[in-house]
Each structure stands twice: as C-alpha cells, then as structure tokens.
Amino acid sequence: MIPRQWYYVGFNLVRGIGPARLRMLLGAFGDVEKAWHAPAEALHAVGLDRRTLENFLETRARVDLEKEVRRVTALGAHILTWEDPGYPRLLREIPDAPPVLYVRGELRPEDEWAVAVVGTRKVSTYGQEVTRRLVTDLVRAGVTIVSGLARGVDAVAHQAALDAGGRTIAVQGCGIDRVYPPEHRDLARRIAERGAIVTEYPLGTQPEPGNFPPRNRIISGLSLGVLITEAGQDSGALITADYAAEQGRDVFAVPGSILAAGCRGTNRLIQDGAKLVLEAADILRELNLTMLAERSEARQVLPTTETESVLLSLLSAEPIHIDELTRAAGLPVSQVISTLTMMELKGLVRQVGGMKYVVA
C-alpha cells in the first residue's frame with residue numbers, strides 16, 4: 001500500500017497545482033489518493049484547466065513516487081504534509097499553507113514560540129549590531145528565530161541565534177538539495193544541526209527570483225511575529241511584512257536614521273503602524289512570551305490530562321467565554337478554571353480579556 005504522503009509529493013511536482021487547487025481536488029474526490037488516480041475527464045470536470053491537466057497527466061505517467069521520496073530521505077531530509085501531525089501548527093493556519101514541506105533537521109513543538117527576523121541583504125554595521133543584539137536576547141528568552149538564509153540581515157540573524165545556543169529555522173527558495181547563496185553552505189549545515197532547513201520546493205528546484213516572494217509567506221507563517229531590523233524602501237523583507245499583516249501576525253520594526261537609505265523601509269513600516277522596537281523586551285511583551293522558560297518546563301513535566309483534551313477540543317482561534325466553555329465541557333467551573341490556568345502556563349491557551357479564551 002502506497003503511503004498517502006507520497007501522493008502529496010506527486011502533486012507538489014505538478015506545475016500549476018498549488019495549495020488552492022489541491023484543496024479543490026481533495027474536496028472533489030475525498031482524499032489525495034483518489035485525486036491522484038482520478039481519470040482525466042473527471043479532473044477536467046472539477047475545474048483543472050487544459051494546461052494544468054496536461055502537466056498533471058505527464059507527471060503522473062513519468063514520476064516514480066517511491067523513488068522521489070527515497071531521493072529526499074537519501075539527503076537526510078524528511079517530508080511533512082497537511083496530514084502529518086508534525087506539520088507546524090502556526091503554518092497550518094495560513095490560507096495558502098504549503099501542502100508539502102521538505103525538512104532537513106528537526107521541527108519541535110517549542111518552535112511555535114518563534115519570531116521571524118528579516119531585512120536588507122546590504123546590511124550596515126548598525127543593522128548587524130541591532131540584529132545580533134535583538135536576536136541574542138530573544139534566543140536567551142527561549143524564542144526560535146526564523147529567517148530566509150539570505151545574505152545580510154538573514155545570515156546575521158541565523159548566526160546570532162546559533163552563537164547564543166538557540167534554535168533557528170531557515171526557509172529556502174529552492175530545493176532541499178540546494179543551498180542558496182552557496183557561500184552559506186556551512187551556515188546551513190549548522191542550522192540543520194540545531195534547528196531546521198525548510199522548503200516547499202521539490203528536489204532540483206533552482207533558486208529562481210520568482211521563488212522568493214512566495215517563500216516569504218512561510219517565514220511569516222511559521223512565526224508569531226515578524227521583526228524587520230533594517231530595510232530599504234524596496235527590500236524584499238517588506239514582502240514578508242505584508243504577508244505577516246495578511247496572516248494576522250504582529251509586525252515589528254527597528255527605527256533608523258532618516259538620512260540612511262537602508263532604513264527607509266523600516267521607518268515607513270513604523271509610520272504605517274508597525275510596532276517600534278528598541279529592545280527584545282518590546283517583542284516579548286507584545287507576544288506574551290515573557291515566561292517561556294516556565295512554559296517550556298511545564299509542558300515537559302506536566303502531562304496533558306483528559307480535562308485539557310476536552311477543553312482543547314472546544315477551543316479555537318475564536319474567543320469563547322469561560323461560562324460557555326464550562327457548559328460545553330460539562331465540567332465544574334472550578335475544574336475548568338484551574339485547568340485553564342495550567343494550560344496558560346504551558347502556552348496551550350491564551351486569555352484575550354473578559355474571561356474569554358483562545359488556542360495559543
């Protein structure tokens with residue numbers, strides 16, 4: 001029996017089938033295996049245009065799914081799909097979450113406490129120092145750093161996270177069998193050892209310019225918030241900020257000289273509503289990350305109880321009042337309150353005011 005994961009890999013190889021079209025196919029045929037084996041006329045009937053259908057049929061006839069997956073594992077990488085429990089929860093929430101992630105290294109539950117740090121490739125001495133200082137303090141507070149492995153701010157952010165003994169995730173705009181830019185090969189190796197390299201692109205995909213704007217949605221999607229430490233008015237980092245805003249993530253920016261071209265983008269972000277950052281504590285407070293060590297310890301030491309499972313099944317991103325939650329759970333209010341308190345400490349839920357709770 002072929003693992004369902006393989007069919008996702010197959011669809012990921014088809015030019016013209018992205019998250020939206022794959023969701024359409026899953027909705028039409030019920031699951032990924034049936035969609036993969038569907039006849040051409042049925043695929044056309046549910047909405048695949050002629051060119052995409054031709055691409056799919058050619059790929060389906062040509063590709064050996066087992067061989068493709070073995071190529072990934074031979075590189076020391078692994079695959080996560082929408083159906084895998086290890087798929088990052090934060091990323092799963094965005095509208096266009098990638099159906100397939102190729103991963104070198106390891107994604108961990110604590111990586112949900114992540115902040116993306118991005119900026120200009122032509123980083124100044126000021127930008128380097130600001131990035132190092134903020135990243136170091138964020139890592140010491142238990143935050144995972146997400147960035148794009150690019151030259152400039154990205155590389156400084158990854159290096160600072162590693163130097164501080166923390167975790168960092170790099171999102172690439174090419175296949176997992178490539179490193180771009182090539183001079184970051186050693187940096188990528190160390191990131192994979194202490195965090196993860198992630199991409200949605202199949203093996204062999206070159207780092208073409210058109211790949212990088214879409215990958216920025218993954219950088220922001222993996223993170224609770226995005227910090228831009230230095231960026232000119234045309235910096236690609238501003239695309240990540242736009243994705244973050246669309247995804248409901250917080251956007252942070254470091255102010256710079258009004259005379260420096262490399263700071264025009266960050267200064268404009270602040271003018272447009274991004275949260276001004278002078279120290280890491282500004283970010284930690286805004287994202288409610290000031291007690292990560294305690295949360296991490298509680299998550300490791302205290303097992304999930306049946307009551308926690310019940311409450312989690314009733315909670316979502318939509319705020320629910322504790323009275324309504326208590327009625328739905330059919331539990332004593334004292335038990336619900338005490339359990340929610342412990343779940344907050346674990347970072348599983350969050351109170352949003354007025355005794356209303358959401359999934360953290």
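What follows draws every value from the coordinates through simple rules; no lab data is involved. The structure displayed is predicted, hence computed values, not measured ones.
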Calculated from backbone phi, Karplus (6.51, -1.76, 1.60) coupling profile of segment 38-44 in Hz, x at Gly/Pro
4, x, 4, 5, 5, 5, 5
Ratio of the chain's C-alpha Rg to 2.2 N^0.38 Å, to two decimals?
1.05
Taking the Cα atoms of segment 105-286, what is the range of coordinates along each of the three principal axes, in descending order and whole Å?
42, 33, 31
Using only alpha carbon pairs under 8 Å that are at least six residues apart, calculate the relative contact order of segment 84-195 and give it in whole percent.
26 percent
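Once you have the Cα-Cα distance between Ser257 and Arg140, take 0.36 nm times their residue separation minus that, and quote the gain in nm to one decimal. Don't skip to the end; give the middle numbers.
On the way: separation 117, 0.36 × 117 = 42.12 nm, distance 2.80 nm.
Extra length available between Ser257 and Arg140 comes to 39.3 nm.
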Beyond 17 Å, what share of the Cα-Cα pairs of segment 1-70 is found? Please give it as a whole percent.
34 percent
Hey, could you pull the Cα Rg and Dmax for segment 64-166, both in Å?
16.0, 50
Segment 149-200 and segment 31-84 have their Cα centres apart by a whole-number Å value of 29 Å
Report, by chain and number, residues whose modeled amide H sits under 5 Å from the one on Val251, excluding near sequence neighbours (fewer than 5 apart, same chain).
Val226, Lys275
Excluding same-chain residues fewer than 8 positions from Lys346, which lysines have a Cα within less than 18 Å of its Cα?
Lys356
Once the in-chain neighbours fewer than 8 apart are removed, the lysines whose Cα is under 30 Å from Lys122 read Lys275
